[in-house]
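**Student:** Right, I'll just put the structure down here and ask away after.
The values are calculated or read from the model by the stated rules, or taken from the named source; none is laboratory data. Since the model is a prediction, treat every value here as computed from it, not as a measurement. Note that each Cβ is placed from the backbone with ideal geometry, even for glycine, and that neighbours are counted across all protein chains shown.
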Amino acid sequence: MLEKRSLSLAGHRTSVALEPEFWAVLERAAAPGSLAVLVAVQDAARAETGEPLASQLRLFALRYALAASGR
């Protein structure tokens, strides 16, 4: 089941729907900072690829989890 969260990105409100497991990884990745900052950075990074924000966040979470596991 998807969990929808609302955020402000570049002064605009938006919402992103991800599975709770992805949100958990993103929250761990953002632990020293804030989830909103992490999402804003990923939003800016996707401008080059044109990927949907949810896809960008899922890929970031996957890469983060793999790196954390030593893979």
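**Student:** Which residues, taken from segment 24-58, are among the acidic types (Asp, Glu) and in contact (Cβ under 8 Å) with a residue 24 or more places away in the chain?
**Tutor:** Hit for segment 24-58 is Asp43, nothing else.
Quick grid of which residues meet (1) modelled with pLDDT under 95; (2) closer than 19 Å to Met1 by Cα; (3) under 8 Å from the mean Cα position of the chain (by Cα); (4) hydroxyl-bearing (Ser, Thr, Tyr):
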position: Ala24; (1), (2), (3), (4): no, yes, no, no
position: Glu27; (1), (2), (3), (4): no, yes, no, no
position: Ala44; (1), (2), (3), (4): yes, no, no, no
position: Glu48; (1), (2), (3), (4): yes, no, no, no
position: Leu57; (1), (2), (3), (4): no, yes, yes, no
position: Tyr64; (1), (2), (3), (4): no, no, no, yes
